[in-house]
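Here's the structure we're looking at; comments come further down.
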Amino acid sequence: MKFKTAFPLMISIFLLTGCWGAQNIDHLVYVDSIGVDYKDDHFIVYVQLFSFTGLAKVETGGTQEKTSVVVGKATGETFNIATDKLYTSIQRRVSWGHAKSIVFTKRALKKAVLQDVLDVLNRYNEIRHTIWVYATDEPLKKLFETTPFLHTTPYYSLLSNPEEIFKQSSFIRPIRLNLFIADINEASKTARLPYLNITTRNWEENNKEKSMLNLKGICFVDHYELQKCIDRSKLLGIRWLEKKISRTPIYVKKGNKVVASINVLNPNSKISYQIKGNTPVFNIEVSGSGSVLELREKLTETQLIRLAQKAVEDEIRSLYKLGIKYDIDILNLSEVMYRKNSEDWKKFSENGKIPLTDENLKKIKVEISIDTSGKEKLR
């Protein structure tokens with residue numbers, strides 16, 4: 001009887017696989033970011049490696065160690081050949097499952113390159129489709145060697161965790177790989193990629209200039225091809241048409257002089273269109289509420305609201321004209337028509353986009369309210 005009871009238990013012990021194939025985390029190297037360049041018909045792939053050891057110490061309140069960054073580089077006829085070449089000299093098993101971002105140089109933003117890279121990423125099961133996607137014109141080696149200040153691990157850099165920055169100062173929306181793929185495959189839509197550069201103008205560390213990653217602007221991609229990368233100073237109007245903008249400022253001007261600052265929270269926008277004659281005409285509505293952070297000149301609430309609303313309207317109209325100049329549907333008006341009435345879109349579109357002129361954007365209606373002006377009251 002005892003044997004009958006013990007026999008199944010003995011068999012079950014032998015069938016258990018346990019963790020015999022597991023790897024200790026310090027025996028692996030982890031890819032944090034992937035960089036893709038393209039030159040002379042060859043892919044140039046960079047990887048930024050990081051260690052979980054330092055990250056674990058920070059998370060548990062331990063002493064923060066100086067961050068060590070390792071950058072690998074390999075060249076190949078295809079994206080996969082280039083990444084395979086990294087294995088020959090890396091000397092440890094590589095984990096791609098913790099990759100947080102992929103960065104394309106401007107010259108790599110072309111159809112043949114994007115299709116090859118995305119095909120590999122779609123087939124390889126370790127890399128997630130939720131990694132962040134960026135564009136840059138900086139040398140990728142230099143970009144990956146630029147780490148946050150205070151010896152912080154790259155895990156907390158702009159490349160790996162852009163969402164917290166966007167919540168505090170909403171302007172250029174970060175985009176994940178799956179959404180970028182959806183956008184570039186959408187016939188009516190112009191995809192937007194955050195455009196990174198390196199700046200040394202704002203920060204010092206230990207009395208030395210500190211190189212930091214910077215959101216320089218946006219690169220616009222249509223049908224897998226780069227159209228143009230534009231600096232953020234020319235793109236102020238784009239934030240009023242983005243979704244889930246948490247907090248963004250208006251610097252209210254009288255003439256060329258800033259007279260007030262207003263923080264607008266959770267603005268909403270709506271784009272509609274109608275056909276007038278044989279021309280589609282678009283109208284934009286923006287609404288939001290905010291708080292006054294700075295008032296440099298005595299203004300009534302009515303005056304301040306009027307100036308703020310004019311500033312928003314001017315930013316949107318200026319952005320639209322910039323799109324006409326570069327032949328880019330920056331506001332994605334073509335997608336609006338496609339979503340609302342695909343038959344109208346087919347009638348007016350050329351190669352998936354509505355040809356836009358000054359006549360296509362008519363009314364811009366802005367409604368801004370002020371909820372609070374802090375301890376100082378407005379008249």
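The values are calculated or read from the model by the stated rules, or taken from the named source; none is laboratory data. Note that the structure is a prediction, hence the values are computed from the model and not measured. Here Cβ is always computed from backbone atoms with ideal geometry, including for glycine, and neighbour counts include all displayed protein chains. Keep in mind that these areas ignore ligands, DNA and RNA; they rest on the heavy atoms of the full protein, side chains included. Shrake-Rupley method; radii C 1.70, N 1.55, O 1.52, S 1.80 Å.
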From most to least accessible, 1.4 Å probe, no ligand or DNA/RNA atoms counted, Arg296, Arg239, Arg317 line up as Arg296, Arg317, Arg239
Express the accessible area of region 103-240 per residue in Å², computed with a 1.4 Å probe while the remaining protein chains stay in the model.
47 Å²
Residue by residue through region 81-93, the couplings from Karplus 6.51 cos²θ - 1.76 cosθ + 1.60 with θ = phi - 60°, in Hz, x for Gly and Pro, are 4, 5, 5, 4, 5, 5, 5, 5, 10, 7, 6, 9, 5
Dipole magnitude of region 297-357, debye to nearest 20 (Cβ charges: Lys/Arg +1, Asp/Glu -1, about Cα centre)
80 debye
Pairs Lys100/Lys167; Lys167/Lys244; Lys189/Lys321; Lys189/Lys244; Lys234/Lys347: which are spaced more than 21 Å apart, C-alpha to C-alpha?
Lys234/Lys347
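What order do Leu143, Leu322 take when sorted by accessible area (1.4 Å probe), most exposed first? Show your work: numbers first, answer last.
Values: Leu143 0, Leu322 25 Å².
Descending order: Leu322, Leu143.
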So the carbon and sulfur contribution to the accessible area of region 147-274, 1.4 Å probe, in percent, is 45 percent
Applying the Karplus parametrisation 6.51 cos²θ - 1.76 cosθ + 1.60 with θ = phi - 60° to the phi angles of region 188-194, what ³J(HN,Hα) value in whole Hz is obtained for each residue in order, glycine and proline being reported as x?
9, 10, 9, 7, 10, 10, x
Mind pulling the angle between the C-alpha long axis of helix 111-123 and the longest principal axis of the chain? Nearest 10 degrees, somewhere in 0 to 90.
50 degrees
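Quick one: ranking Met212, Met337 by accessible area, 1.4 Å probe, largest first, what do you get? Mind showing how you got there, number by number?
Details: Met212 30, Met337 0 Å².
Accessible-area ranking of Met212, Met337, largest first: Met212, Met337.
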Counting sequence-distant residues (5 or more places) and residues on other chains, those with an amide H built under 5 Å from that of Glu294 are Ser261
For P(r) over Cα pairs in 20 Å bins from 0, in percent, which listed value, (i) 24, 49, 25, 2; (ii) 23, 47, 24, 5, 1; (iii) 31, 57, 12, 0, comes from the coordinates shown?
(ii)
Of Trp96, Tyr38, Asn80, which is farthest along the charge dipole of the chain in the positive direction, counting Lys and Arg as +1 and Asp and Glu as -1 at C-beta?
Trp96
For region 232-378, whose charge dipole is built from +1 on Lys and Arg Cβ atoms and -1 on Asp and Glu Cβ atoms, the candidate among Ile250, Gly323, Ile368 with its Cα farthest towards the positive end is Ile250
Amide H contacts of Lys228 (H built 1.01 Å from N, under 5 Å, at least 5 apart or other chain)
Phe220
For region 78-128 and region 138-196, what is the centre-to-centre distance using only Cα atoms, to the nearest Å?
17 Å
Residue by residue, what Karplus-based ³J(HN,Hα) values in Hz, rounded to whole numbers, does region 266-275 have, using 6.51, -1.76 and 1.60 with θ = phi - 60° and x for Gly and Pro?
6, x, 10, 9, 9, 10, 10, 8, 8, 9
Counting sequence-distant residues (5 or more places) and residues on other chains, those with an amide H built under 5 Å from that of Ile370 are Gly290
Say the dipole of the chain comes from +1 at the beta carbon of Lys and Arg and -1 at that of Asp and Glu; which of Leu109, Pro267, Gly277 then lies farthest toward its positive end?
Pro267
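Among DSSP bridges having both ends in the chain, what percentage is antiparallel? Round to the nearest 5.
Looking only at bridges with both residues in the chain, the antiparallel portion is about 70 percent.
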Cross-link reach from Lys39 to lysines, straight Cα distance under 20 Å and at least 8 residues apart if same chain, gives Lys73, Lys85, Lys106, Lys110, Lys111, Lys141, Lys142, Lys228
Cα-centred dipole magnitude for region 213-368, charges only on beta-carbon of K, R (+1) and D, E (-1), debye, nearest 20:
420 debye
Nearest 10 degrees, 0 to 90: what angle lies between the long axis of helix 301-326 and the longest principal axis of the chain (Cα atoms)?
70 degrees
One quarter of the convex hull surface, Cα atoms only: what value does that give for region 271-378 in nm²?
8.2 nm²
Mean Cβ-within-10 Å packing, highest first, puts peptides 132-138, 240-246, 162-168 in the order 132-138, 240-246, 162-168
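Please get the size of the charge dipole for region 181-304, origin at its Cα centre, with Cβ charges of +1 on Lys and Arg and -1 on Asp and Glu, quoted in debye to the nearest 20.
Details: 20 positive and 13 negative charges, 66 e Å.
I would put it at about 320 debye.
To the nearest 500 deg cm²/dmol, what mean residue ellipticity at 222 nm is calculated for the chain from DSSP H runs of n ≥ 4 alone, each contributing -39,500 (n - 2.57), summed and divided by the residues?
Numbers: 10 runs with 108 residues, N = 379.
Value at 222 nm, helices only, nearest 500: -8500 deg cm²/dmol.
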